[in-house]
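Take a look at the structure below.
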Amino acid sequence: MIACVTLLIGKAIDGLLTVSFTPLLWLIALFIVIEILATLRRFYDTRAYGYIKAVLAMELAENQQHLPISTQNARLDMVRELVDFLEKKIPEAMSGVVQMLVIGVILFQIYIYLGISVIAMSALTLAAYALFHKRFFRLNAMLNNRAEQQVRIVGLQNLSKLNLHIQRLRKIDIKLSDTEAISFWLIFTIQSAFIVINLLLSAQIENASVGDIVIIISYSWEFFECCILLPMNLQIFSRLQEIMQRLNQQSE
């Protein structure tokens with residue numbers, strides 16, 4: 001429904017230009033439905049995922065009683081991080097994918113070359129992320145290893161070992177940040193080209209209405225935003241994939 005908002009805005013503009021208020025009323029109705037469903041889902045999600053956190057934490061505690069306290073503490077934090085990802089980031093990523101599909105279909109119907117542009121840029125964006133996936137996974141594994149040792153190192157009350165631990169964390173954080181920056185730069189460049197190409201293509205459409213132009217420009221920018229956010233969520237998934245592998249190995 002969120003993906004259809006831009007489409008209805010364009011239709012509402014065309015309707016108002018011809019003194020027709022029906023498309024505007026459809027837009028208002030859509031806003032009301034989205035607000036109601038989003039509020040109800042928030043009430044449900046908070047309770048459901050809170051229950052999941054509690055259950056998983058207890059199951060993990062039972063399965064890892066023989067592990068050092070430092071490892072147990074770190075993995076309990078990882079469980080919360082994993083469930084938070086399921087609650088907040090997975091729906092956001094799924095919404096982004098749905099928006100990208102809807103945008104592709106709508107732009108394809110308006111002008112076939114706009115649809116081809118969407119397909120091409122989607123493939124390039126996913127390929128760009130794939131270049132960095134293994135590095136994200138490896139760096140997050142190193143970060144999680146340090147997290148599992150932190151309580152033990154603090155308990156030693158040895159400032160030199162604590163400083164060494166902190167410096168190693170800092171270096172891993174820097175490598176992660178640098179990798180994110182490079183991947184973001186590559187994806188941003190691809191999507192900037194997408195915006196420019198779509199603007200050039202929109203100029204080739206004959207008899208396009210004002211609403212059509214608004215739809216093309218708005219959807220091109222929304223697609224840009226989805227393609228920027230999706231790899232960020234995939235990067236978080238790389239970290240949680242390593243966490244899930246770590247927790248599953250312990251369960252076995």
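Annotation note: Cβ proximity below 6 Å between a residue of the stretch 162-183 that is under 14 Å from Asn140 (Cβ atoms) and a residue that is open to solvent by 80 Å² or more (accessible area, probe 1.4 Å) and part of a helix (DSSP H, G or I) (sequence gap 6+ or interchain) occurs for Thr179/Arg135.
For Ala93, the test of being open to solvent by less than 30 Å² (accessible area, probe 1.4 Å), modelled with pLDDT under 80 and closer than 30 Å to Ile213 by Cβ is passed.
Quick one: is Ile197 farther than 21 Å from Ser95 by Cβ, open to solvent by 40 Å² or more (accessible area, probe 1.4 Å) and out of contact with any Pro (no Cβ under 6 Å at 6 or more places or on another chain)? Yes, satisfied.
Okay, residues lined up against (1) farther than 20 Å from Gln72 by Cβ; (2) open to solvent by 60 Å² or more (accessible area, probe 1.4 Å):
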{"residue": "Ala127", "(1), (2)": "yes, no"}
{"residue": "Phe132", "(1), (2)": "yes, no"}
{"residue": "Arg135", "(1), (2)": "yes, yes"}
{"residue": "Leu143", "(1), (2)": "no, no"}
{"residue": "Ala147", "(1), (2)": "no, no"}
{"residue": "Arg170", "(1), (2)": "yes, yes"}
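When the residues of the stretch 1-27 are filtered to those that are surrounded by 12 or more Cβ atoms within 10 Å (Cβ to Cβ) and of a type in the set (Val, Ile, Thr), the one that is nearest to Ile103 (Cα to Cα) is Thr6.
Residues being at pLDDT 80 or above and closer than 30 Å to Ala147 by Cβ are entirely absent from the stretch 107-120.
Note on the stretch 107-125: residues that are open to solvent by 20 Å² or more (accessible area, probe 1.4 Å) and closer than 30 Å to Arg42 by Cβ total 1.
The values are calculated or read from the model by the stated rules, or taken from the named source; none is laboratory data. Here the structure is a predicted model, which is why all the values come from computation and not from measurement. In this analysis, Cβ positions are derived from the backbone assuming ideal geometry, glycine residues included, and neighbour counts consider all displayed protein chains. Ligands, DNA and RNA are stripped out before the accessible areas are found, and what is left, the full protein with its side chains, is counted by its heavy atoms. Shrake-Rupley method; radii C 1.70, N 1.55, O 1.52, S 1.80 Å.
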